[in-house]
Structure formats: C-alpha cells, structure tokens
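Contents: one structure, followed by commentary.
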Amino acid sequence: MAAVRPRPSTAGNRSRRPDGLAPDAAIGDAIAAGAVAAIVSGLPSTLHAIVTRRSVLAPSLAAGTLLLGGERRPSRLLPAAAVAHAALSLGWAVVLAACLPRRHTAAWAPFAGLAIAALDLGVVGRRYPRIRALPLAPQIADHVAYALTVGAILRRRRRARGD
C-alpha cells in the first residue's frame with residue numbers, strides 16, 4: 001500500500017484572482033472607491049443646476065423613481081434615491097475594480113464612465129420620464145467624474161499595497 005502524502009497546509013494562504021489580488025482586497029478597494037465616488041460624482045450636475053437655476057434635487061428625485069416608479073412625493077423619492085445611488089455606486093465600483101487595468105487606470109476610467117453613462121442613461125434611464133427629462137451633458141459628466149474618482153482611488157490603494 002502506498003503512503004498517502006499529506007497535502008500542504010493552505011492555512012493563511014488566500015486564493016487570488018488572476019490579477020494576483022486577494023478577493024477581500026479587491027472588494028475593499030471597490031467599496032472605498034465607490035463610497036467616495038458616490039459623494040463627489042454629482043458635482044458636475046449640481047454645478048450645472050446652480051448655474052442654470054434648475055432644481056439641484058431633480059437628479060435625486062429622478063434616481064428615486066428607479067425604485068419607486070411613479071411616486072411623486074420628494075419625501076419618498078429622496079430616501080429611495082439614496083438607496084439606489086449607493087447600490088449603483090458600489091456595484092459599478094466592483095465592476096470597475098475588476099475591469100480597469102492596473103496600468104493607466106486613470107486613463108481608462110473616463111471611457112468606463114462613458115460606457116456606464118450609455119447603459120445607465122441610454123438603456124435604463126430612457127424608460128423613466130424623470131431621468132429622460134434631465135439635461136444629458138451634466139449627467140454624462142457625473143458618470144465620468146464617478147469613474148475618474150473610482151479609478152484614482154483604486155490606483156492609489158493599489159500603489160500603497162505595492163500591487
């Protein structure tokens with residue numbers, strides 16, 4: 001009977017993604033980047049609304065309709081918008097953390113933002129009247145600002161780790 005060789009211990013070893021990053025580090029990067037980007041990404045449309053004297057709440061009210069459909073009351077739409085915005089911001093950050101290249105992350109981020117805008121505004125958003133009614137350029141700028149922020153934070157966190 002042949003001796004059975006014990007398998008090497010994997011305690012302490014973490015499985016790695018093909019790019020060499022531990023899954024929990026990638027998720028941590030995505031959460032950190034998505035959280036910051038969620039806060040700053042609305043600056044372009046907010047500035048546009050102020051300059052053009054439009055409602056600064058219109059984009060938030062529109063986002064609330066993603067969860068509450070035909071609801072019209074701001075007291076219901078604003079909390080729904082916060083939930084929808086947080087979920088989308090964190091979800092897209094996970095996608096970007098997985099898809100943006102390690103080299104030239106910031107250079108690729110605007111293209112990712114444009115792709116997300118095409119999907120969010122062009123495919124999904126056109127089904128919602130409040131989203132359709134928003135000025136398009138500031139919304140696209142918000143998406144690009146979001147992706148640039150995510151890209152910058154991912155790059156900084158990866159460099160700090162030596163990735």
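Each value in this text was obtained by applying a stated rule to the coordinates, not by laboratory testing. Quick caveat: nothing in here was measured; it's all calculated off a predicted structure. Cβ: placed from backbone, ideal geometry, glycine included. Neighbour counts: every protein chain shown.
GNM remark for the chain: springs join alpha carbons under 10 Å apart, and the peak mean-square fluctuation among 91, 34, 42 falls on 91. Applying a DSSP loop filter and a limit of 15 other Cβ atoms within 10 Å to the trypsin sites (Lys or Arg not before Pro) in the range 73-140 leaves 102, 103. Spin-label model, residue 52 to residue 82: label points 7 Å out along the Cα-to-beta-carbon direction sit 2.7 nm apart. In sequence order, the range 137-146 has phi-based couplings of 4, x, 5, 5, 4, 4, 5, 5, 4, 4 Hz under the Karplus curve 6.51 cos²θ - 1.76 cosθ + 1.60, θ = phi - 60°, and Gly or Pro positions carry x. For the chain, the relative contact order works out to 32 percent when only alpha carbon pairs closer than 8 Å and six or more residues apart are counted. Distant-in-sequence amide contacts of residue 128, defined by a placed amide H-H separation under 5 Å and a gap of 5 or more residues or a different chain, comprise nothing.
Every helix of 4 or more DSSP H residues in the chain counts as -39500 (n - 2.57), and over all residues that averages to -22000 deg cm²/dmol at 222 nm. Give the Debye-formula value of log10 I(q)/I(0) at each listed q (0.21 Å⁻¹), with one equal scatterer per alpha carbon of the range 23-161, two decimals each. Values returned for q = 0.21 Å⁻¹ are -1.23. What the phi angles of the range 118-127 give under the Karplus curve with 6.51, -1.76 and 1.60, with θ = phi - 60°, is a coupling list of 4, 6, 4, 8, x, 9, 7, x, 5, 7 Hz, glycine and proline written as x.
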